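Colleague: Shown below is the structure under consideration.
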Amino acid sequence: MKTTKRIWYDIISTDENKLLEQWAEHAKNGWLLESVCIGYFYGKYRKCAAEEVIFSRDIFEGSPEEYQEYLEFYDQAGWEKVCSLGKLRKRKSIYPSFIVTIFKAPMGTLPLHVDKESQNTHLNKQLKTLKMGSRLLIGFSTLGLIIELLDNRFSFMATPPGMMASYISILLILGLTFSLQAWAMKQKQEGKADGILQLKWFNILSTLLPLAIMGLVQYFTLWR
Amino acid sequence: MARNEAIETEQLTDSFYYILIALLVPRHGYLIMKYIEELSGGDFVMGPATLYTIIKKLLKAELITPHSEVDRKKIYLITDKGRELLVHEVKRREKMVRHGIEALEGVKP
């Protein structure tokens, strides 16, 4: 009998509540979330006893020692860690060290972000992490693209033509997806979420735009 | 940050205010939340995320201090500096309420 499974989410999972509801629904059916991939493209689940729980997501910024304290604090309030995304750095860096943690709690537990202040802080943190990820990915892919184009002209690298372009494309798709997620979240924060997120073109655009750019990258690096 | 500015200008937001009141006696995280809920008759509910963030800020501003640890639960207590600020804040809020009452009485039909 299968004890683990992978479930793919929408191409762009901007709606946090939808994800939280999905995880709760799967737990109710005996599948507990085990991990999620960066960008929330899919989640891994393992078979468990069916349980009625609620899920929540929170972003922590700080040191690994503080993170343990933070988990204990949340645990006391009834929120148990399910999995996390990201890594905390011990050394100081120009980029803030953060980790996204997914928690579960029995039905009726006081929500993590119950007050308006906390909801706004949570949204701002989400925006910050998305923007940071997006900038990094787009930055790396642009650099890669320049190197690939220069290699086409001067042939200084040993990699087969188009190989690097493929990697660049993946980075670019992720980077742009993060940008679109950040944009959609900003709309939500400004109270335009219902109008904009329901528009079909938004989902179409979020899929087609990275694909179009990937096509252009491939054209300039491989077939030209 | 707005909340940090609030501490610096010696004006507490409602969340900071209630946490300082709760820590007039030693309490840990969960008890602080419960106490605030009971004290306000359920009008003011604070989630763990807000509480954790504010506790970190209050510790940094030396308005509260770690008191002890029971079953891995950290217990906090208000400092003299925190108590001083709380007294100042109560007086400020009291004055504000009085202003409101006087103004309302002044325009009574």
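Colleague: Under a 1.4 Å probe, what is the accessible area of the stretch A:1-82 per residue, stated in Å²?
Modeller: With all protein chains present, the stretch A:1-82 gives 50 Å² per residue.
Colleague: Same structure, new question: Mind listing the long-range amide H neighbours of B:T79? Cut-off is under 5 Å, sequence gap 5 or more, other chains count too, H placed in the peptide plane at 1.01 Å from N.
Modeller: B:I64, B:T65
Colleague: Can I ask one more? For the pair A:L150/B:V97, report the inter-label distance in nm, with labels modelled 7 Å from Cα in the Cβ direction.
Modeller: With each label placed 7 Å out from Cα toward Cβ, I get 6.9 nm.
Colleague: Over the stretch A:1-79, with every protein chain in place, what whole percent of the accessible area is carbon and sulfur at 1.4 Å, could you tell me? Walk me through the numbers before you get to the answer.
Modeller: Details: 1950 of 3880 Å².
After summing per-atom areas, the C and S share lands at 50 percent.
Colleague: So what is the diffusion coefficient of chain B in µm² per second by Stokes-Einstein at 25 °C and 0.890 mPa s, using a Kirkwood Rh over Cα pairs?
Modeller: 165
Colleague: Oh, and also: Which whole-Hz couplings ³J(HN,Hα) result when phi for each residue of the stretch B:65-78 is put into the Karplus expression 6.51 cos²θ - 1.76 cosθ + 1.60, θ = phi - 60°, listed in order with x for Gly and Pro?
Modeller: The phi angles translate into 9, x, 9, 7, 9, 10, 6, 6, 8, 7, 9, 10, 8, 5 Hz.
Colleague: For every helix of n ≥ 4 consecutive DSSP H residues, a contribution of -39,500 (n - 2.57) applies; sum these over chain B, divide by its total residues, and give [θ] at 222 nm rounded to the nearest 500 deg cm²/dmol.
Modeller: So the helix-based figure for chain B works out to -19500 deg cm²/dmol.
Colleague: What does the charge add up to near A:S35, with Lys and Arg as +1, Asp and Glu as -1, over the other residues with Cβ less than 11 Å from its Cβ? Each step should come with its number before you reach the end.
Modeller: Working: positive: A:R6, A:K44, A:R46; negative: A:E34.
Neighbour charge sum, excluding A:S35 itself: +2.
Colleague: Got a sec? Which residues of the stretch A:111-132 lose 40 Å² or more of accessible surface with every protein chain in place, vs. that chain alone, 1.4 Å probe?
Modeller: Buried on complex formation: A:D115, A:E117.
Colleague: Another question about this same structure. Taking the Cβ of B:V45 as the centre, find all other residues whose Cβ is under 12 Å away and add up their charges (Lys, Arg: +1; Asp, Glu: -1).
Modeller: Taking every Cβ under 12 Å from that of B:V45, the sum is -4.
Colleague: Jot down the radius of gyration and Dmax of the stretch A:1-150, Cα atoms only, both in angstrom.
Modeller: 17.2, 59
Colleague: As a test of the definition: with a 1.4 Å probe, what buried accessible area, both sides summed, do you compute for B against A, in Å² to the nearest 100?
Modeller: Counting both chains, the buried surface is close to 1700 Å².
Colleague: How high is the relative contact order of the stretch B:43-109, in percent, with contacts defined as C-alpha pairs under 8 Å that are six or more residues apart?
Modeller: Computed over the stretch B:43-109, the figure is 18 percent.
Colleague: Ok, one more. Between A:A212 and A:K5, what length in nm is gained on full extension when 0.36 nm per residue of separation is reduced by their alpha carbon distance?
Modeller: Full extension of this stretch gives 71.4 nm more.
Colleague: What share of Cα pairs, in percent, lie more than 18 angstrom apart in the stretch A:1-65?
Modeller: Of all Cα-Cα distances in the stretch A:1-65, 39 percent exceed 18 Å.
Colleague: Just the number please: accessible area per residue for the stretch B:4-77, 1.4 Å probe, all protein chains included, in Å².
Modeller: Dividing the accessible area of the stretch B:4-77 by its residue count gives 49 Å².
Colleague: What percentage of the solvent-accessible surface of the stretch B:37-109, computed with a 1.4 Å probe over protein heavy atoms, is contributed by carbon and sulfur atoms?
Modeller: 55
Colleague: Between A:N29 and A:T142, with labels modelled 7 Å along Cα→Cβ, what's the label distance in nm to one decimal, could you check?
Modeller: Taking the simple label geometry, A:N29 and A:T142 are separated by 4.3 nm.
Colleague: Taking H as built 1.01 Å from N, whose amide H comes closer than 5 Å to the amide H of B:R27, not counting residues under 5 places away?
Modeller: B:Y76
Colleague: Still on this model: On average, how many beta carbons from a partner chain sit within 10 Å of the beta carbon of a residue in B:51-57? Please list the in-between numbers first.
Modeller: On the way: counts 5, 9, 4, 2, 1, 5, 0.
Across B:51-57, the average partner-chain Cβ count within 10 Å equals 4.
Colleague: OK, next. Rank these by accessible area, largest first, 1.4 Å probe: A:W183, A:W23.
Modeller: Final ranking, largest accessible area leading: A:W183, A:W23.
The values are calculated or read from the model by the stated rules, or taken from the named source; none is laboratory data. Just so you know, these numbers come straight off a predicted model, no measurement behind them. Don't worry about glycine lacking a Cβ; one is built from the backbone with ideal geometry, like all the others, and counts go over all protein chains shown. SASA here: full protein model, heavy atoms, side chains in, ligands and nucleic acids out. Shrake-Rupley method; radii C 1.70, N 1.55, O 1.52, S 1.80 Å.
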